[in-house]
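Report on the structure given below.
The values are calculated or read from the model by the stated rules, or taken from the named source; none is laboratory data. All values derive from a computational prediction rather than experimental measurement. Here the Cβ positions follow ideal geometry from the backbone for every residue, glycine too, while neighbour counts run over all protein chains shown.
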């Protein structure tokens, strides 16, 4: 992992572990050295195929980008076979995504266009959690009627469902609030966002907490990774610290994996007592988040976690999956 990427996911861990309402002893998959490691329960993961896991779980949760598909119509090798196998077996399926580029109905349609027929009810995105957060903030005196928004144009639909307007890119909102859903910044928009976040009482809403993401493999099968919204948000958070707000950075709220709220949504959508497996490509969001939920996890190596960096990354974050899923 890049240094900033590691720092971001360790920050996420610190935030979650400070929330005493959630016990990380609910799942044994933490590596030795983690403060929540259980002796004699951490077992080195083994490489498996989907058929090996079929009878172990009732419900299978999938990350989207980097696990099943990527931009455009790109579908990863083996992904469609996994999906069809699980559908045929009558398993409960969920698309659990940090995408905040549109509302769940549209995200489900986009997945369906690629061949993954997730229903809206089976789709749970980080953006869909914004309504609850907005209600809480309004309950604490914030109007939250407009924000300075950086992200895809379609991401404004997520804001609109909450009664929020994105101001013009050369304007500032009535309250110092910035919302980020993807790394679509320019030097000008970044500078304006920092200016807004340096005001007293500023709030940063991170609608997609992914720090790094894989691009589509090139013709030689090589995957390049790039910083995305979580990385942009972290730079903004750090640059917001100034004398105007007492030397502190802005108040930051994160939506999606690995934070607990999205897993509560997932749990409430599944039959009680379901044996659940989360399948993803990222240690800091998919695997660690699954541990927070008490789910088992399977990591697809070589996309957002290069194979030659796997051991170092697991050690750096203090986390490993239950399985390495082979396409």
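Restricting the search to segment 287-321, which residues are touching a strand residue (DSSP E or B) at 6+ places or on another chain (Cβ under 6 Å) and farther than 16 Å from residue 63 by Cα?
The answer is none; no residue qualifies.
Before we move on, is residue 306 touching a residue at least 12 places away in the same chain (Cβ under 8 Å), under 14 Å from the mean Cα position of the chain (by Cα) and under 16 Å from residue 5 (Cβ atoms)?
When the stated conditions are applied, residue 306 does not pass them.
Among the candidates 256, 273, 284, 221, single out the residue that is out of contact with any strand residue (DSSP E or B) (no Cβ under 7 Å at 6 or more places or on another chain), modelled with pLDDT of 95 or more and not in a helix (DSSP H, G or I).
256
Report every pair of residues separated by at least 6 positions or lying on different chains whose Cβ atoms are under 9 Å apart, first residue within segment 200-218 and outside the structural domain of residue 233 (by TED's automatic domain parsing), second at pLDDT below 95 and in a loop (DSSP other than H, G, I, E, B).
Close Cβ pairs (under 9 Å, with a partner that is at pLDDT below 95 and in a loop (DSSP other than H, G, I, E, B)) do not exist here.
So which of 265, 235 ends up being in contact with a strand residue (DSSP E or B) (Cβ under 8 Å, 6 or more places away or on another chain), surrounded by 15 or more Cβ atoms within 10 Å (Cβ to Cβ) and not in a strand (DSSP E or B)?
265
Name every residue in segment 287-318 that is part of a strand (DSSP E or B) and closer than 21 Å to residue 221 by Cα, in order of residue number.
Answer for segment 287-318, where residues must be part of a strand (DSSP E or B) and closer than 21 Å to residue 221 by Cα: just 299.
Need the failing condition index for residue 82 against (1) closer than 24 Å to residue 213 by Cβ; (2) in a loop (DSSP other than H, G, I, E, B); (3) modelled with pLDDT of 95 or more, just the number.
(2)
I need the helices (runs of 4 or more DSSP H) fully contained in segment 89-192, keeping only those with at least 3 residues that are on the phi > 0 side of the Ramachandran plot and surrounded by 14 or more Cβ atoms within 10 Å (Cβ to Cβ).
Because the criterion is at least 3 residues that are on the phi > 0 side of the Ramachandran plot and surrounded by 14 or more Cβ atoms within 10 Å (Cβ to Cβ), no helices (runs of 4 or more DSSP H) in segment 89-192 meet it.
Determine, yes or no, whether residue 313 is in contact with a helix residue (DSSP H, G or I) (Cβ under 8 Å, 6 or more places away or on another chain), more than 14 Å from residue 96 (Cα to Cα), assigned by TED's automatic domain parsing to the domain that holds residue 56 and surrounded by fewer than 24 Cβ atoms within 10 Å (Cβ to Cβ).
yes
Would you say residue 246 is at pLDDT below 95, in the same structural domain as residue 66 (by TED's automatic domain parsing) and surrounded by fewer than 20 Cβ atoms within 10 Å (Cβ to Cβ)?
For residue 246, the condition - at pLDDT below 95, in the same structural domain as residue 66 (by TED's automatic domain parsing) and surrounded by fewer than 20 Cβ atoms within 10 Å (Cβ to Cβ) - is not met.
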